[in-house]
Amino acid sequence: MRWQQLFADLQAEFDAAESAADRAEDGTRRRAELGAVRLSERLAGSVGRPVSLRCWGAGDVAGTLTDVGPDWLLLTDDRRREVLVAAAAVRSVAGLARRTGPPEPDGVVRARLDLRRAVRGLARDRSVVHVVLDDGSVHVGTVDGVGADYVELAEHAADQPRRAAAVRGVAALALPAIAVVRTLAPGLD
């Protein structure tokens, strides 16, 4: 009898130690997996959900997350304006879903769909935009072109289409300084 009790006690101790080791290994593995997740991947799991961002220079930006690029996020705000946010300007995110998006392969095509390309789309559309830089300064106008590291903006009133007579000046905005680009319809601020 004593031997059976001894073996049962030893087996229970072994099982408890093995269970504790498994729990520790699971925690370590989860921490290692989380350590490899990029913010863009974490955000991709929240596409279609309302999120609130705190951005350097632009303050709070809220809307429904509609897309995530390699260095940008696209939201639609409550006024149905598109809001392009530079990932480098994001300081915090609230409203994330519990899931994380799948890791994006670091391919050539994906890498080329960067902030510069997204802003080039706005230049093609001739959209009136509200650009907030990381220092908080605001520029309103139409994107005339996008260089290797800057955006050329024809500055004019938000309620005016881009016409030579309406343009007050042309500004070159350093691409790394751009925090948020919000599309505006004529007559909106």
Given the conditions (1) in a strand (DSSP E or B); (2) surrounded by fewer than 20 Cβ atoms within 10 Å (Cβ to Cβ); (3) at pLDDT 95 or above, and given that G145 satisfies all but one, which numbered condition is not satisfied?
(3)
Restricted to the range 60-97, and to residues that are free of Cβ contacts under 8 Å to residues at least 24 places away in the same chain and open to solvent by 20 Å² or more (accessible area, probe 1.4 Å), which residue is nearest to V37 (Cα to Cα)?
D67
Subset of the range 128-142 [in a loop (DSSP other than H, G, I, E, B) and crowded, with 18+ Cβ neighbours inside 10 Å]:
D134
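Results for (1) farther than 21 Å from R99 by Cβ; (2) hydrophobic (A, V, I, L, M, F, W, C), shown as yes or no for each residue.
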| site | (1), (2) |
| --- | --- |
| L39 | no, yes |
| R42 | no, no |
| G48 | no, no |
| V51 | no, yes |
| G59 | yes, no |
| D67 | no, no |
| P70 | no, no |
Mind telling me which of the residues R182, R116, R126, R162 ends up being closer than 18 Å to A58 by Cβ and basic (K, R)?
R182
Say whether the condition of being open to solvent by less than 30 Å² (accessible area, probe 1.4 Å) and hydrophobic (A, V, I, L, M, F, W, C) is met by at least one residue in the range 105-117.
yes
Would it be correct to say that L122 is open to solvent by less than 30 Å² (accessible area, probe 1.4 Å), under 21 Å from L175 (Cβ atoms), at pLDDT 90 or above and among the hydrophobic types (A, V, I, L, M, F, W, C)?
no
Considering only strands (runs of 3 or more DSSP E) fully contained in the range 1-106, which possess at least 1 residues that are over 20 Å from V119 (Cβ atoms) and at pLDDT 90 or above?
50-55, 59-68, 90-94
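The values are calculated or read from the model by the stated rules, or taken from the named source; none is laboratory data. Quick caveat, the model's predicted, so the values are computed rather than measured. Positions of Cβ are backbone-derived with ideal geometry, glycine not excepted, and every protein chain shown enters the neighbour counts. Calculation scope for accessible area: heavy atoms of the full protein, side chains included, ligands and nucleic acids excluded. Shrake-Rupley method; radii C 1.70, N 1.55, O 1.52, S 1.80 Å.
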